[in-house]
Amino acid sequence: MGCRKRALLFGLAFIFLGIDHVNGDLSYSIPEEMKRGSVIGNIAKDLGLDLGRLSIRKARIDTEDNSAKYCGINLNTGDLIVQERIDREGLCAKKAACVLKQELVLENPLELHRISIRVQDINDNSPQFKEESLQFEIQESAIKGAQFMLDEAHDGDIGENAVQDYSLQQNDHFQLNVKIKGAGRKYGELILKKELDREDKKELMLLLTAFDGGSPQRSGTVVIHITVLDANDNVPVFSQAVYKASLPENSPLDTLVIKVCATDADDGIHGEITYGLDHVSDEKQVFSLNSKTGEVKVSETIDYEKESSYEMQISAKDGLGLASYTTVLIEISDMNDNAPVIFMKSFTNPIPENVSPGTEVGIVNVQDRDSAANRQVRCSIQQNVPFKLVSSIKNYYSLVTTGQLDRELESDYNITITATDEGSPPLSSSKTVQLSVADINDNPPVFEEQSYSAYVTENNKAGSTLCSVTARDPDWRQNGTVIYSLLPGDVNGAPVSSYLSVNGDTGVVHAVRSFDYEQFRSFKVHVMARDNGSPPLSSNVTVSVFVSDVNDNSPQILYPNPEGNSFMTELVPKAAHGGSLVSKVIAVDADSGQNAWLSYHIVKSTDPGLFTIGLHSGEIRTQRDISESDSMKQNLIVSVKDNGQPSLSATCSMYLLISDNLAEVPELKDISYDEKNSKLTSYLIIALVSVSTFFVTFIIIILGVRFCRRRKPRLLFDGAVAIPSAYLPPNYADVDGTGILRSTYNYDAYLTTGSRTSDFKFVSSYNDNTLPADQTLRKSPSDFAEVFGDCDDSPQFHRFEPLWDPAER
Ligand SMILES: *[C@@H]1O[C@H](CO)[C@@H](O)[C@H](O)[C@H]1NC(C)=O
Ligand SMILES: *[C@@H]1O[C@H](CO)[C@@H](O)[C@H](O)[C@H]1NC(C)=O
Ligand SMILES: *[C@@H]1O[C@H](CO)[C@@H](O)[C@H](O)[C@H]1NC(C)=O
């Protein structure tokens with residue numbers, strides 16, 4: 001029936017579908033939404049009313065309840081027409097039968113006819129969803145087959161025109177299941193056919209379409225917005241399974257070493273990662289981990305020498321405790337932070353100075369805690385010491401001497417050993433060892449001077465200090481302690497010790513006795529200096545002692561006899577002119593130098609004007625010609641003084657007889673001032689005469705020889721007076737005619753007896769009882785004869801020069 005009616009409605013919109021006469025009631029059926037003015041049906045005809053009378057009878061349409069007038073009547077045609085829009089949905093909503101009740105009122109006579117207008121539905125509404133979109137939040141963990149009810153769509157139309165079906169946009173995860181509620185209303189259900197993955201797709205948009213059954217069909221759509229909710233279905237994942245980092249040691253605290261990074265695909269708390277260190281033990285942690293950022297930082301001093309690498313387990317956990325792990329390997333690289341350390345493994349101190357070069361003194365060991373090149377160490381010592389380092393085994397060195405040591409030059413060495421590694425920059429350290437050189441008695445005492453001379457005036461006191469010798473020994477303590485002693489020997493046949501002594505500690509040389517210059521003028525001794533080492537070393541030095549003269553000897557008058565009671569009478573020829581030499585006083589002085597420089601004075605004379613005496617020659621000359629009136633006997637008293645301080649003197653008397661003939665001397669007795677009638681007188685006269693005779697004879701012989709050589713005639717008395725050698729005392733100082741003194745220690749001893757005019761000089765001849773000037777200490781007096789030849793041996797002494805050599809003349 002429905003189908004047929006619908007066909008009719010479509011085809012014949014203005015045709016009455018059926019007229020029901022129910023007790024004069026009219027019934028019509030119309031589709032809704034007809035245009036105004038559309039004819040519903042012809043009432044007049046259906047009721048059999050007279051058309052012409054309709055207006056007269058005031059035909060009109062009323063409603064029971066004066067509600068809206070949907071219909072009107074065309075009084076001319078009698079047609080019931082649509083006056084207001086008729087919307088079935090507005091009038092009847094979901095009621096299946098929608099009848100509009102109208103009444104036709106006719107007056108004169110009053111007539112009421114009920115008109116029922118059945119309003120037929122047309123598909124004029126589309127299915128509609130209540131909301132613009134459907135929001136769903138679905139856990140990604142939802143299992144397959146899970147159902148999610150969808151809001152149904154609404155359609156104002158009814159019946160076939162209402163919602164008949166749904167369709168869902170094609171997608172991977174869901175399918176649609178359309179279900180019917182009790183009232184026959186249809187709704188959809190989403191069924192999960194494939195699990196969701198939030199990490200893959202966080203949300204889905206699906207279009208749901210609802211269809212009605214009208215013709216033409218109408219549809220409405222809605223968007224299903226599905227938000228996939230996270231489930232903690234992902235573990236954190238580290239970006240690397242193993243993290244490797246390299247870090248130099250001694251990196252400052254808080255240095256960033258490495259940053260580990262884990263990601264968790266989950267969302268929110270499920271993806272919140274917390275890093276943690278897996279402590280195996282509760283040892284101090286060298287590194288710290290930032291639990292949020294994953295940064296690994298230095299938290300303790302890092303020492304390569306303690307630990308060269310670290311391995312750590314780091315975990316990453318998400319909010320619900322899913323965890324994964326990674327390993328962090330940190331290699332520590334070495335820095336040159338350890339200086340080499342020097343150890344003296346053995347050390348010989350002190351070492352004796354006589355060790356041979358190359359002797360090992362000590363063993364040095366160097367160590368460096370660093371590694372590789374930082375550990376390579378070179379070792380050296382300073383340049384200016386006689387030692388060197390010899391590399392023996394690895395890192396061991398021998399300290400050996402390179403030269404001869406000498407404690408006296410350098411007794412202590414500070415040896416600085418420097419070790420430098422090959423790091424960059426290199427580190428070095430040094431160690432100073434003090435080495436002492438022990439003494440060996442290798443230096444003999446050495447005298448400060450090559451020889452010593454001591455000058456002492458004769459007649460010194462026994463025990464007086466002569467000189468002092470000093471020897472030095474640079475050795476140590478007793479090896480350098482000097483003891484002085486006299487070397488045994490003899491002086492003039494007597495042991496040295498009877499002359500001198502030396503203080504063993506101070507080296508002061510003392511005289512043991514008084515010396516006599518006239519006995520010996522010098523001698524030599526040897527003083528030895530010996531150290532106290534074992535064995536001792538010694539050396540010796542010559543000490544020359546020079547005795548100097550003191551004026552302790554008076555002049556000694558040899559001629560004339562100083563006794564004065566002998567008859568030493570000189571003959572003076574009466575014809576002698578002024579200036580004639582008549583005699584000579586001969587004197588000697590055992591002293592030397594000034595002490596032996598003699599001067600002659602006439603202190604008293606018979607005739608003061610007649611004779612003079614040469615101040616230094618002692619020659620007595622006439623001052624004027626002898627006259628007849630002069631007394632025949634002349635008497636002179638001559639004083640001889642030396643030049644010492646104070647000077648010493650001697651006097652003698654000289655008897656002169658002015659006569660040409662010895663026979664004219666009648667009263668020799670009378671000549672002497674204090675003549676004594678001695679029995680010896682006659683002997684003396686005889687002696688005098690014989691001596692005079694001998695003397696004159698001797699002079700004549702000498703003069704003769706001299707005269708023959710020079711072929712030059714000489715006056716008898718114009719010569720020198722010769723003195724027999726027997727008169728000569730030893731050791732005359734040299735006073736030559738000019739009176740000029742030579743050095744005090746000039747041993748050119750010769751004797752002159754006269755003035756520069758003298759032709760003769762006497763060389764003294766020595767007998768065994770006299771000590772010659774150049775006698776050395778080593779020689780006994782009996783050896784003395786050789787001295788003249790040997791005197792060169794003794795440089796202390798001047799050469800003995802005989803001034804007169806008979807062979808030369
Ligand atoms: C060695 O060193 C010590 C102490 O530093 C010092 O007293 C001494 O004079 C030094 N010796 C030498 C020979 O340099
Ligand atoms: C002296 O030298 C000897 C070796 O000649 C040595 O044995 C000794 O120790 C030295 N004495 C001192 C005090 O140095
Ligand atoms: C004294 O020294 C000399 C060299 O200076 C030496 O030849 C001599 O033997 C030494 N004499 C003694 C007794 O030591």
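Placing unit charges on the Cβ atoms only, positive for Lys and Arg and negative for Asp and Glu, gives region 367-480 a dipole magnitude near 520 debye about its Cα centre.
Leaving ligands, DNA and RNA out of it, report the carbon-plus-sulfur percent of the accessible area of region 37-170 at a 1.4 Å probe. Present the calculation step by step, with values, prior to reporting the outcome.
Working: 3300 of 7210 Å².
Result for region 37-170: 46 percent of the exposed heavy-atom area is carbon or sulfur.
Relative to one another, the C-alpha centroids of region 286-307 and region 581-634 are positioned 132 Å apart.
Solvent-accessible area per residue for region 478-526 at a 1.4 Å probe radius, Å²? Show your work: numbers first, answer last.
Values: 2030 Å² over 49 residues.
Heavy-atom accessible area per residue stands at 41 Å².
R0 = 35 Å: FRET efficiency of Glu272 with Gln376, Cβ-based, nearest 0.05? About 0.10, to the nearest 0.05.
Nonpolar atom fraction for region 322-421, defined as the carbon and sulfur part of the 1.4 Å probe accessible area, stands at 50 percent.
Between His526 and Val603, what FRET efficiency comes out of the Förster formula 1/(1 + (r/R0)^6) with R0 = 56 Å and r the beta carbon distance, rounded to 0.05? Don't skip to the answer; put the middle values down first.
Details: r = 52 Å, r/R0 = 0.92.
Efficiency computed from Cβ-Cβ geometry: 0.60.
Stretching the chain fully between Asp124 and Lys574 yields a gain of 140.0 nm (0.36 nm per residue, less the alpha carbon separation).
When the dipole is taken about the Cα centre of region 308-398, and only Lys, Arg (+1) and Asp, Glu (-1) are charged at their Cβ, what size is it in debye, to the nearest 20?
On the way: 7 positive and 9 negative charges, 57 e Å.
The calculated dipole for region 308-398 is roughly 280 debye.
Taken as Cα centroids, region 465-511 and region 143-160 sit 148 Å apart, rounded to the nearest whole angstrom.
Among Ser538, Phe523, Ala511, whose Cα lies farthest out toward the positive end of the dipole of region 479-558, if unit charges sit on the beta carbon of Lys, Arg (+1) and Asp, Glu (-1)? Final value for the positive-end residue is Ser538. With 24 Å as the limit, the listed pairs Lys130/Lys179; Lys345/Lys394; Lys574/Lys641; Lys45/Lys69 have Lys574/Lys641 beyond it between alpha carbons. Label sites at Asp200 and Asn349, each approximated as a point 7 angstrom past Cα along Cα to Cβ, lie 8.5 nm apart.
Nothing charged except the Cβ atoms of Lys and Arg (+1) and of Asp and Glu (-1): what's the magnitude of the dipole of region 402-458 about its Cα centre? Round to the nearest 20 debye.
Working: 2 positive and 11 negative charges, 73 e Å.
Roughly 360 debye for region 402-458.
The order of Val437, Val691 by accessible area, most exposed first and with a 1.4 Å probe, is Val691, Val437.
The label point for His510 and the one for Thr255, both projected 7 Å from the Cα toward the Cβ, are 8.6 nm apart.
Please go through region 378-424 and write out the trypsin sites (Lys or Arg not before Pro) that DSSP classes as loop and that have at most 13 other C-beta atoms within 10 Å. Write out the running numbers ahead of the final one.
Working: sites: Arg378, Lys388, Lys394, Arg407; in loops: Lys394, Arg407.
Sparse-neighbourhood loop trypsin sites (Lys or Arg not before Pro): Lys394.
For Arg198, the solvent-accessible surface with a 1.4 Å probe is about 20 Å², rounded to the nearest 10.
Label sites at Asn177 and Asp62, each approximated as a point 7 angstrom past Cα along Cα to Cβ, lie 6.0 nm apart.
Projecting the Cα atoms of Leu253, Val178, Tyr166 onto the charge dipole of region 151-262 (Cβ charges, centred on the Cα centre) puts Leu253 farthest toward the positive pole.
With Kirkwood's inverse mean 1/r over C-alpha pairs for Rh, give me the Rg to Rh ratio of region 467-626, two decimals please.
On the way: Rg = 27.9 Å, Rh = 20.6 Å.
Radius of gyration over Kirkwood radius for region 467-626 works out to 1.35.
The values are calculated or read from the model by the stated rules, or taken from the named source; none is laboratory data. Predicted, not measured: the structure shown is a model, and the values here were computed from it. Positions of Cβ are backbone-derived with ideal geometry, glycine not excepted, and every protein chain shown enters the neighbour counts. All accessible areas refer to the heavy atoms of the entire protein, side chains included, with ligands and DNA or RNA removed. Shrake-Rupley method; radii C 1.70, N 1.55, O 1.52, S 1.80 Å.
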